[in-house]
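Everything on this sheet refers to the single structure shown next.
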Amino acid sequence: MIRLRMLTTLVDAIRADLRRPHPFAYERIGFLCCKQSSVPSGYLLLGYRYVPIEDDRYLRDKSVGASFDATAIRTGMQLALTEEASVFHVHVHKHAGVPRMSRVDTREMQQLMPCFVNVCPERLHGALVMSVDRAYARVWGTALETSGADVSRITSVGDHIKVLS
Amino acid sequence: MTDQYTRQSFLGAKSAELLQNATVAIVGLGGGGSHVAQQLAHVGIGRMLLFDPDSLELSNLNRLIGGTAADVGASTEKVEIARRMFVAINPAAEVHTYAVQWQLAADALREADVVISCLDSYAARQDLEVSVRRFLTPLIDIGMDVHLVNEQPHMTGQVIVSVPGGPCFRCLGFLTDENLRQEAELYGAAGGRPQVVWSNGVLASVAVGLVVELLTGWQRRRFRAEYLHFDANEHVITRSPRLEYAPKQCTHFAADFVGEPVL
């Protein structure tokens, strides 16, 4: 079982950032850094920092909601390498309820995740899709099947413990 | 929602599912922790982690819920008494027991959504809070003590909620260098602390209410911490004024200070 836990203040900050309109991209993207711990049932990932992708790192690609350049990818890789972090690609689907990864999301992650896994193979890395009120996450890593694994429980800790998944 | 929980359905349409899918840890299964375990079983918590290295002794029988005279003779572990009681009430629950100091099973403790501290020293509470804060886990502490006031015994207690990001035990003035120092000076000389079943029960009930509030959010109350004081002689619970003066954000634990410590 894989759990992802973070403060509600961090979740709010991520949503606030991703809601900001971009000059030309349809949606925004950021990276969530997590510390990884082993627990008897599997893994616990603890979100601690969110790094938005800078405006000028987006590419003018109308075939997807947002596309970013190699510098942005290197930012994520650097976070994984220097902080030994589990790094999540984060974006929003603008609806309520538990989101799912689209075909485009899956295709993009198959290209992006090996970059993170190569620089920090001892950690899981993944994609976090947030909706208006819930979230879905999938992780990849050398400890898992190549197809990755769903994060079973995503919670935010604040006024109360909100189950996002 | 099954019939078992219809009387608490006001907690929310999904409350039974939220409680069933939650993992709650109790550290210390003595007079306070055994009460908490019993009530959490009734409430419908689906997964429990129980930590206590001790076995039942005769002096525990005045207050340890679920303990029997036969358990004293058999030196039954306190975690086993709590497990037995829990599954008797809630057979579908998954209950894991650790008859060791929690530090020796710290990786298991990390799975908890909420931890309840039923420890009896300031130093032990400090150790536990330092650990669970790193894993973004709310901590609820209960405890009671008896002091002599004008040569009369006066029972007091507290229930404190420490939520990551919000004020901690030190921010709330519950843990201070002075009370840790005084406790250290008495180390080995304090003997058994006075405990009675009814005041433990009050404190445990309040703690269980706070667990349910944290897991369901049913009151929609915005709280970053709680500090309740119990005057057990007068049977009165009041909110500590220390809450008003505590910083809104913790000044001792940074929000990004998470995961296993790097030595």
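Just so it is clear, none of the values below were taken in a lab; they were calculated from the coordinates. It should be emphasised that the depicted structure is a prediction, and the values quoted were computed from it without experimental measurement. Reconstructed Cβ throughout: ideal geometry from the backbone, glycine too, with neighbour counts over all protein chains shown.
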Taking the simple approach of a point 7 Å from Cα along Cα-to-Cβ for both residue B:21 and residue A:22, what is their distance in nm? 3.0
Cβ charges +1 (Lys, Arg) and -1 (Asp, Glu), total dipole of region A:2-163, debye: 380
Using the Cα gyration tensor of region B:3-244, with a ≥ b ≥ c the square roots of its eigenvalues, what is the shape: rounded (a/c below 1.5), prolate (a/b larger than b/c) or oblate (neither)? rounded
Where both partners of a DSSP beta bridge lie in region A:2-163, what percent of those bridges are antiparallel, to the nearest 5? 65
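Quick one: plug the Kirkwood hydrodynamic radius of the protein assembly as shown (C-alpha pairs) into Stokes-Einstein at 10 °C, 1.306 mPa s, and report D in µm²/s.
69
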Where only alpha carbons of chain A are counted, the Rg and the Dmax (Å): 14.7, 46
Just B:63, B:239, B:47 to compare: in a GNM of chain B, with alpha carbon springs under 10 Å, which one fluctuates most? B:239
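Quick check for me: using +1 on Lys/Arg Cβ and -1 on Asp/Glu Cβ, what's the dipole size of chain B about its Cα centre, in debye to the nearest 20?
Dipole about the Cα centre, nearest 20: 820 debye.
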When chain A is treated as a Gaussian network with springs between alpha carbons less than 10 Å apart, the largest mean-square fluctuation among A:42, A:30, A:126 is found at A:42
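Extension gain residue B:198-residue B:238, at 0.36 nm per residue separation less the Cα-Cα distance, in nm? Working shown, then result.
Working: separation 40, 0.36 × 40 = 14.40 nm, distance 1.76 nm.
Here the answer is 12.6 nm.
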What is the spin-label model distance, in nm, from residue B:222 to residue A:54 if the labels are put 7 Å beyond Cα along the C-beta direction? 3.4
Quick one: if the Förster radius is 45 Å, what FRET efficiency do residue A:98 and residue B:152 give, using the C-beta to C-beta distance and rounding to 0.05? 0.20
Leaving out same-chain residues fewer than 8 places away, which aspartates and glutamates sit with a Cα under 20 Å from that of residue B:78? B:52, B:54, B:57, B:94, B:120, B:141
Looking at region B:151-229, which GluC sites (Glu not before Pro) are DSSP coil and have at most 12 other C-beta atoms within 10 Å of their C-beta? B:151
Of A:67, A:41, A:86, the most mobile residue in a GNM of chain A (C-alpha springs, cutoff 10 Å) is A:41
Work out from phi, with θ = phi - 60° and the Karplus expression 6.51 cos²θ - 1.76 cosθ + 1.60, the ³J(HN,Hα) of each residue of region B:134-140, listed in order in whole Hz, and give x for Gly and Pro. 5, 10, 6, 10, x, 10, 10
With +1 on each Lys and Arg Cβ and -1 on each Asp and Glu Cβ, how big is the dipole of the protein assembly as shown about its Cα centre, in debye rounded to the nearest 20? 1600
Fraction of antiparallel bridges per DSSP, the protein assembly as shown only, in percent to nearest 5: 60
Whole-Hz Karplus ³J(HN,Hα) for region B:226-237, in order, using 6.51 cos²θ - 1.76 cosθ + 1.60 and θ = phi - 60°, x for Gly and Pro? 8, 8, 10, 10, 10, 8, 7, 6, 8, 6, 10, 10
Determine, from the Cβ-Cβ distance of residue A:122 and residue B:231 and an R0 of 41 Å, the FRET efficiency 1/(1 + (r/R0)^6), rounded to the nearest 0.05. 0.20
Not counting the cut sites, what is the longest span of chain A without GluC sites (Glu not before Pro) that DSSP labels loop and that have at most 14 other Cβ atoms within 10 Å? A:55-121
Taking the Cα centre of chain A as the origin and placing charges on Cβ (Lys, Arg +1; Asp, Glu -1), which of A:67, A:131, A:53 is farthest toward the positive end of the dipole? A:131
